Structures are given as structure tokens and as C-alpha cells.
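The values are calculated or read from the model by the stated rules, or taken from the named source; none is laboratory data. The model shown is predicted, which means the values in this text are computed figures rather than measured ones. Virtual Cβ from ideal backbone geometry, glycine too; neighbours counted across all protein chains shown.
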Amino acid sequence: MNARFAALTVALAALATLPFWMIGVYYLNVSSQILFYAIFALGLNVLVGYAGLVSLGHAGLFGIVAYALGFLLSDGWGHPAAIAMAMAIGLAGTAVFAALSLRATGIGFIMITLAIGEILWGLAYRWISFTGGDNGISLHSRPAPFGYSMASPYTFYYTTLIMFLLTVVAMAIFVRSPFGAALRGTRDQPRRMTALGYHVWAIRFWACMFSGLLTCVAGILFVYYTQFISPQTVALTSSAEVLLMVISGGPATLLGPIVGAGLVVLVKTVVSGFIERWNFLLGAIFVAIVILMPEGLVPGTLRLWRLFWRKQRGARTEAQP
Amino acid sequence: MTFWLVLTVNSITFGGLLFLLSAGFSLIFGLMRIPNLTHGSLFMLGAYVGATFAGGLIGLQLNFWLAAVVATLTVAAFGAATERLLLRRLPGNQLAQVLVTLGISFMIADFCLMLWGGDPVNVLTPEGFAGFVRAGPAAFPTYRLAIIVIAVIFAAGLWFLLDRTRLGAMIRAGVDDPDMARVVGIRVSKLFTIVFALGAGLAAFAGIVGAPMLSVYPGLDQDMLPLALVVVILGGTGSLLGSFVGSILIGFIYNFGQALLPELAYFVLFLPMLLVLILRPQGLFGRIIA
């Protein structure tokens, strides 16, 4: 068996048995957070990594789903209907978001997504009769599909894990699919892709929708996890946190955003236990990563690792003759 | 009638402040192709620094206008340092530059919160501008009218700088075609520093001039940055006229929105942006940048 398969098996086994060896419920909950943030980061990575479109407004999409679900549930809807409706609203929001921001690419795309995200934040903060303003919306229950109540951290962890694994499989298929190849083509050579007869805009649009779908899934898990939504969820800081997960781990890799999500969530939960200055640290990490390891931790480490082995092998072949 | 008149004056005043803020943003974007995400933070930083000097610091209390000059110069120096020490290291990598400015904006926000605390800082209206000007049935605060005059003077000054001086000609050449400008012997990298310092200083100046009206509070940066963005998306990047028209337009929309639909004031900003993006993606006065 090759090393990759072995590593995958070990990782899967570790994730599946995590509640049995993880010390304390607190860390189990942190693990659930890492998993749904990883779904969010993988979703953003579709745009940032594979489409070359950096979105600074993804927390806005996350927020649309979260607020829609919160509002529907407090309006008395059942969980399945509310989830379906919230997903539909989230995807409709994504379509509008994509149609507007895809008027530009590159820096223009960043600016438009940022402006849309900030306007959604303003809406969450000021439209008090709908969103509760700074007080947010509180939820009172988690769903219980097929009689398994998700109120316990264990069932919630396994639900999140299943969604996470589905996302990873979907991403793996997406990357290898003709659609994934076409998307990378529009990132690297949009003009040639047009010349080859591809509809570049449509490819980017569907990439946005796929990204939005994963964002919606993460948003729903987030709402059920915290059972509370406030404008902070939609703020630029949140968009930046997810973007940091992607670029710190390594854009356009499958593993990168997952590692990034783990890193950011851990640093955030651990650091906020000691000091209040999380935003300062977030900004500093941003600057440091961009300047010191612009390709991200996963590709950066791999590169160093390969370099190390090549040197080792080189030393051995030199010694042999 | 009076209500509408007062609202109109308030809109123009706010538009003037926005112009001071977004002119620098637009210039930096036009020349360096970086949406400077620290711009809202520089506005806030200028307001805090100015407020501190105007309110008195260890027995040293400056006149409001002197404090404004000190704040402007401090923040301009900070902007120049940011450009020299950080952005300069990432030539041609716009994405990295955007992310660095984003990181710095978080650091400034947290730094201000640490130093000045969470309570709003009020700045007294400068002496001689505290009264009202009566015009028929309506009374306008003198200071608001003064802001309009200041904005107009700065608009004229910037226009003169860009359109009638050698430095302005070099900046325009850099905006239009940086490579060609280099070929004819303009040191574009030096222009980057100058324009960045100029933009930062303008933002800080807008912050302190606006402080008696808006007061200074944590989150001011997050309130102002999207407005600057929307102005520039609306007016077009790298165009002074675009910033001016966009600012006045957004000043009106924002103030009327707040008076008539307070809960949706932020959302109403969305509509002109939507229309411009659909009908004229390069902005009202912008040119298409490749």
C-alpha cells in the first residue's frame, strides 16, 4: 500500500474514533468547529484557489443562510423545511452575489465582494426588526433527524463529520472533473479558454454557486452549533478569517484549507482564552504569512520536505559509487 | 421644507468628507492598482490622533487646526512607511498587497481599541465655528458649512496638483501607463510612496475634520471603508471628478436613506452600485483598466 492511502486510512480512523480518545467535551466541540469551518474554507477555496477569484464577502453569504434559518425557526417552521428554505435563500443570494461580482475579475472582484459583504453586515446590524440588530437571534433547539437528537456534542460531531467527508469527496471529484479542469483554465488563461469555445463567465458563475453551496452547508452547521447569530458572523473579520484559512493552508490544494481551518480555529480558541487581542494577532498573522510563506503552509512544508529528501538521497548516491 | 433643506446641507457636508476620504483611495487604486483596505482605518487613526492633540495631551493642548495638521502628517508618514516597508516588498503581486493592507487594518483597529478604549471620543467644534448661520426659517451649523468650503478648496487644490503641476503630470502618466512612464524616466516607485502618503494624509484629515460631527468610536473604520469603496465603484477609479460626483451622490443617498429608511440606510447604498455595475461596470467617469 502506498503512503498516501495509509495516511488517509489513519486520518479517517482518527476522525471516526475522535470522541473516544479526545480529552473532554470542550475539545470535541472545538473539533466540530474545525470541521464546519473546514467546509466553509473548502468552499471559498473553489473561488480563491481554483478560479483565481478572491472573495472578501463570503461571510455575507454565510450570514444570509444563518439569518434565514434563524428567522424561519423562530417563525415556527420545522427543522427540515427551514433548512431547505434557508438553503434555497442562500443559493439565490449566491446567484445575485455572483452575477454582480463577476462583472469584474481580479482586484475589481475583491472590491465588489467586499462592498456587498459590508452592505450585508450593515443590514444585519441596522435592520433591527428583522435581524435583532446587535442582540442577534437565538435558537432554542437542534434538530433530531430519525430520532437521533443532535443536542449532544457527540451526535453533533458525527453529523458534522459526515457533512465534512461528503464535502471532501465532492471536492476531490470536482478537482478531477472536466469542470474543475476548465475552471483552472479560466484562472490561468481566460482568453485562450474563450478562444477554445468555453463560456468563461458561465464556468465562473457555476464555480461561485458550488462555493456558495458549501458555504450554505457550513452556515447551517454553524447556526446549529452556536444556536446564536449576530452581525459579527457577517463582519469583514469573519470573511478575512476564512480567507486566512485558505491562504495560510495553501490555496488550490485539498488539504490546505482543512489544515488552515484547524490552525485558525485553534489559535482563535486558545488565544482568546488568554488575551483579548485576537484581531491584532489575526492581522499580524495575515501580514506574516503573505510576506514569509505566500504559497501557504501545506505546499510550503511539502516543498521543504521534498528538498530535504532530495538532499538525503543525493548524499546517499554520492556515497555509493 | 426646512427639513429637506437641512437634510440637503447635511448630505453635501457628508459628501465633502467622503470626497476627502475617497480621492486618496481612488488615486492609490488608479496608480498602484491596490484597493487600500487600510483607508477606513487611516480615517479613524487620523481622527483619534487629532482628537488626542485637540483635547490635550500631557499638558500640551493644540488648536484644533494645528491638531488636524499634526494628525495628517503623522498618518501620512505612517502611510509612506507602510508602502516603503511592506507593500514595496510585494511588487506586482496585487493579491498579496490587498491582504497585507487588510491585515494592517485589523491591527490598527485593535491598536486604537487598546489605546483609546471602547467609548466614543467627542471632539469639540473648533472655536469660531460653533454657532449657526440663519437663512430664512432654517438654521445651519456653521461648522457643517465650513466642511463644505474645506472640501471644495481641497478639490480645487487636488485638481490643480494633478492637472497643472509637473508632479501631477507624472502621476497621471503613472496611472495611464506605468511601464511607459518608467521608460521616459519617471521614477514610478517614488510616485507610489508620494501618492500613498498623500492618500493617507487626506484620509486622516477627513477623519479629524469630520470628528466634531461624527465623533470617534471603534468601528468608525468599518463604517467608512465601504462608503469609500462604493464611491469609487460608482465614480470610477483613478478619476478625481468621479470621486467628487460619487461622493456627493453617496452623501445624498446615505443621508436621505438614514432620515427616511433608518433601518435600511446601508442597504440603499446597494442600489446605485447595482445600477452602475450593470450598466457601466467601469464607473461613471472611469476608464477600463486592463
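Mind checking which pairs have a first residue in the range A:272-287 that is closer than 15 Å to residue B:38 by Cβ and a second that is among the hydrophobic types (A, V, I, L, M, F, W, C) and outside any helix (DSSP H, G or I), Cβ under 9 Å, 6 or more apart or different chains?
Close Cβ pairs satisfying both conditions: A:287/B:86.
Test residue B:227 against the criterion of being out of contact with any Asp or Glu (no Cβ under 7 Å at 6 or more places or on another chain) and within 16 Å of residue B:16 (Cβ to Cβ), and give yes or no.
yes
Of the numbered conditions (1) within 14 Å of chain A (Cβ to nearest Cβ); (2) in a helix (DSSP H, G or I), residue B:69 satisfies every one except a single condition; which is it?
All conditions pass for residue B:69, except number (1).
Under the condition of being of a type outside the set (Gly, Ala, Ser) and in contact with a strand residue (DSSP E or B) (Cβ under 6 Å, 6 or more places away or on another chain), which residue from the range B:7-55 is farthest from residue B:92 (Cα to Cα)?
If we take residues in the range B:7-55 being of a type outside the set (Gly, Ala, Ser) and in contact with a strand residue (DSSP E or B) (Cβ under 6 Å, 6 or more places away or on another chain), then B:9 is farthest from residue B:92 (Cα to Cα).
Taking into account only those residues within the range B:247-264 that are within 12 Å of chain A (Cβ to nearest Cβ) and closer than 22 Å to residue B:42 by Cβ, which is modelled with the lowest pLDDT?
So the residue we want is B:254.
Of the conditions (1) β-branched (Val, Ile, Thr); (2) buried (at least 21 other Cβ atoms within 10 Å of the Cβ); (3) more than 9 Å from chain B (Cβ to nearest Cβ); (4) under 20 Å from residue B:230 (Cα atoms), residue A:116 satisfies every one except a single condition; which number is it?
Of (1) β-branched (Val, Ile, Thr); (2) buried (at least 21 other Cβ atoms within 10 Å of the Cβ); (3) more than 9 Å from chain B (Cβ to nearest Cβ); (4) under 20 Å from residue B:230 (Cα atoms), only one is false for residue A:116: (3).
Going through the range A:124-140 one residue at a time, which ones are at the interface with chain B (Cβ under 9 Å from one of its Cβ atoms), touching a residue at least 12 places away in the same chain (Cβ under 8 Å) and closer than 24 Å to residue A:55 by Cα?
Passing the criteria: only A:125.
Report whether or not residue B:118 is surrounded by fewer than 23 Cβ atoms within 10 Å (Cβ to Cβ), out of contact with any helix residue (DSSP H, G or I) (no Cβ under 6 Å at 6 or more places or on another chain) and free of Cβ contacts under 8 Å to residues at least 40 places away in the same chain.
Considered against the rule, which asks whether it is surrounded by fewer than 23 Cβ atoms within 10 Å (Cβ to Cβ), out of contact with any helix residue (DSSP H, G or I) (no Cβ under 6 Å at 6 or more places or on another chain) and free of Cβ contacts under 8 Å to residues at least 40 places away in the same chain, residue B:118 comes out as no.
Within the range B:111-133, does at least one residue satisfy the condition of being of a type in the set (Asp, Glu) and either in a helix (DSSP H, G or I) or within 14 Å of chain A (Cβ to nearest Cβ) (or both)?
no
Just name the residue that is nearest to residue B:199 (Cα to Cα) out of those in the range B:83-99 that are surrounded by 16 or more Cβ atoms within 10 Å (Cβ to Cβ) and among the polar types (S, T, N, Q).
Among them, the one singled out is B:97.
Is one or more of the residues making up the range B:169-176 within 23 Å of residue B:12 (Cβ to Cβ) and in contact (Cβ under 8 Å) with a residue 60 or more places away in the chain?
Within the range B:169-176, none of the residues are within 23 Å of residue B:12 (Cβ to Cβ) and in contact (Cβ under 8 Å) with a residue 60 or more places away in the chain.
Can you find a residue in the range B:224-246 that is among the hydroxyl-bearing types (Ser, Thr, Tyr), within 10 Å of chain A (Cβ to nearest Cβ) and assigned to a loop (DSSP other than H, G, I, E, B)?
yes
Taking residue A:254 and the conditions (1) buried (at least 18 other Cβ atoms within 10 Å of the Cβ); (2) touching a residue at least 12 places away in the same chain (Cβ under 8 Å); (3) aliphatic (A, V, I, L, M), which numbered condition does it fall short on, given that it satisfies the others?
The single condition residue A:254 does not satisfy is (1).
Conditions first: (1) farther than 29 Å from residue A:231 by Cα; (2) surrounded by fewer than 20 Cβ atoms within 10 Å (Cβ to Cβ); (3) at the interface with another protein chain (Cβ under 10 Å from one of its Cβ atoms). Residue B:267 passes all but one, so which condition is the exception?
Only one criterion is unmet by residue B:267, namely (1).
Quick check on my filter: what residues within the range A:129-155 are assigned to a helix (DSSP H, G or I), in contact with a helix residue (DSSP H, G or I) (Cβ under 6 Å, 6 or more places away or on another chain) and at pLDDT 80 or above?
Listed by number, the residues that qualify are A:153, A:154.
Go through the range A:189-286 and tell me which helices (runs of 4 or more DSSP H), entirely inside it, have 3 or more residues that are β-branched (Val, Ile, Thr), more than 14 Å from every other protein chain (Cβ to nearest Cβ) and under 16 Å from the mean Cα position of the chain (by Cα).
A:200-226, A:255-274
Taking residue B:193 as the residue in question, decide whether it is buried (at least 16 other Cβ atoms within 10 Å of the Cβ), at pLDDT 90 or above and hydroxyl-bearing (Ser, Thr, Tyr).
yes
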